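The values are calculated or read from the model by the stated rules, or taken from the named source; none is laboratory data. The structure presented is a predicted model; accordingly, all values stated were derived computationally and were not measured. Cβ sites come from the backbone with ideal geometry, for glycine too, and all protein chains shown count toward neighbours. For the accessible areas, the whole protein counts, side chains as well, though only heavy atoms, and no ligand, DNA or RNA atoms are used. Shrake-Rupley method; radii C 1.70, N 1.55, O 1.52, S 1.80 Å.
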Amino acid sequence: MNSSLQQIAFQQQWSNVDDYLEKVLLHPSPNLDKTLEYNTSQGLPAIDVSPLQGQFLHMMVQISGAKRILEFGTLGGYSSQCMAAALPDDGLLITLEKEPEVAKVALHNIERAQLDHKIRIIVGDASKTLPTLAEEEPFDLIFIDADKESSLLYLDWSIRLGRPGSIIIIDNVIREGAILHEQRDKSTDGICQALESMLKRPEITVTALQMVGKKGWDGFALLRINTNK
Ligand code: SAH
Ligand code: DHB
Ligand code: MG
């Protein structure tokens, strides 16, 4: 086991490296900076994706040519903005947020960035609002980042709401290694249920990427829907 002092030293290095990479790789984004400032002022937790992760999501939209995106978990709309900025003007990102007060903060940030024509926030528990999407055109890219307990349910819905070739990205699948702990909290259990269902699904191809950085030690699962018939 690492001592907690070692942990702090590692975290400091991961954050410093993220700061360096942001400086040399990312164009400044006043709208994203203001989003984080406003989120903090409104009491939202800083559990958005990091700037480099946001740029990864942005590039996944570019590379895939996605025109329709579904997001689970809006918070202040940081990741929503990263993805929507890569959409063509007739593209659409639908983002699901349980808390009305949180959705208001996101809308403020999204309007400031002039991305409101491409983003629709659906307020309510995703498990209740998802059925309203069943008749929608399929989504090309889906980002799952809401409550972790419901990961398996969100994965089932995502496969259903996608099409062959759609991409699904799931955040927080490593949780500082908690997926290996004997005592798993409900969130970690939810992530493990989703991960452990993957091999039984011939309809997807999947991998997972461990990451360290200013958001600690965590990771994305990356899936491709092969068939959903
Ligand atoms: N994707 C965001 C961070 C999302 S944090 C970003 O990177 O910027 C997780 C969000 O999911 C929180 O805002 C939380 O309120 C929301 N959430 C939690 N449970 C939910 C549920 N059952 N349905 C919809 N949203 C939920
Ligand atoms: C939490 C949620 C997230 O989506 C995340 O990226 C980090 C932390 C959380 O609920 O603590
Ligand atoms: Mg997350």
Members of region 215-229 that are charged (D, E, K, R) and open to solvent by 70 Å² or more (accessible area, probe 1.4 Å) = 215, 224, 229
Single residue of 142, 69, 94, 121 found to be at pLDDT 95 or above and either over 22 Å from residue 164 (Cα atoms) or more than 17 Å from the chain's Cα centre (by Cα) (or both) | 121
How many residues does region 50-65 hold that are within 15 Å of ligand 3 (Cβ to nearest atom) and in contact with an Asp or Glu (Cβ under 7 Å, 6 or more places away or on another chain)?
-> 3
Being without any contact (Cβ under 8 Å) to a residue 24 or more places away in the chain and either crowded, with 18+ Cβ neighbours inside 10 Å or touching a Pro at 6+ places or on another chain (Cβ under 7 Å) (or both) is the filter here, so list the residues in region 180-213 that pass it.
-> 192
What's the number of the condition residue 161 fails, among (1) within 14 Å of ligand 1 (Cβ to nearest atom); (2) among the aliphatic types (A, V, I, L, M); (3) surrounded by 19 or more Cβ atoms within 10 Å (Cβ to Cβ)?
-> (1)
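Conditions tested, residue by residue: (1) out of contact with any strand residue (DSSP E or B) (no Cβ under 8 Å at 6 or more places or on another chain); (2) closer than 12 Å to residue 32 by Cα.
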position: 65; (1), (2): yes, no
position: 68; (1), (2): no, no
position: 77; (1), (2): no, yes
position: 87; (1), (2): no, no
position: 92; (1), (2): no, no
position: 96; (1), (2): no, no
position: 103; (1), (2): no, no
position: 113; (1), (2): yes, yes
position: 128; (1), (2): yes, no
In region 1-46, what count of residues is obtained for those that are assigned to a loop (DSSP other than H, G, I, E, B), farther than 27 Å from residue 83 by Cα and open to solvent by 90 Å² or more (accessible area, probe 1.4 Å)?
-> 1
